[in-house]
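First the structure, in the form of structure tokens, and then the observations on it.
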Amino acid sequence: MSEIKPLSIQNRHNWQIDAALFISALLASLSGIYFLLIPGGYQGGRNPFYGIVILFDRTGWDLLHAWTGAAMIVAAVVHIAIHWKWITGMASRVWRSLLGRGTSMNSMAKFNVGIDALIGLSFLVAAVSGVYFLYFPGHGAAADPMVLFSRGVWDVAHSWSGIVMILAAIIHFAIHWKWVTKVTRRYFTAGAGMNTAGNNPAVTVPAGQQ
């Protein structure tokens, strides 16, 4: 028999925020892929996908993308706030390593930090451009407001930053998959044990079922 120790209250809250971030990002990504693959507009009858319904109509996908994207931004802001000390500490460590003033990082650690940085940068671009489209949707014959860039440039920035973010997030999950499944298992298994066993500090399971 081996013990599955329950997560601390703080770590349970962190898992809940991360789960909200994952679910909202997944839905925003799927709806974004829909818009990449299914072009809009009648296009003088040249668009074979015009009026097609895949689970929802185009308006439904638009609302799903907008609101799950907004939820992802909120969850990401909370996630960053919670881990801000770690983020600044890691940034300082990387900077010292680049200057040769601190402990050098191995190649895997550098790759991991690079993926995290790529996710952060692509998310920032996707979030800012997404907020732009929330305020300036550009439906119909609406004039281009020309906020810093044209609407076309904002569209390209939003699309490609989203693609980069999705690919980087897949790599991030692949790297940390064992940790993700371990913590998730502790969240549900040990959490259920605490609910049924009162103040029981741990739940025991057969070693062969770990």
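Each other residue within a Cβ distance under 12 Å of His83 adds +1 if Lys or Arg and -1 if Asp or Glu, for a net charge of -1.
For segment 155-162, backbone phi angles converted through the Karplus equation (6.51, -1.76, 1.60; θ = phi - 60°) give residue-by-residue couplings of 5, 5, 4, 5, 5, 6, 5, x Hz, Gly and Pro being listed as x.
Readers should treat all values here as calculations from the given coordinates under stated rules, not as data from a laboratory. Predicted model only: the values in this text are computed from it and were never measured. All Cβ positions, glycine included, derive from the backbone under ideal geometry; neighbour counts span all protein chains shown.
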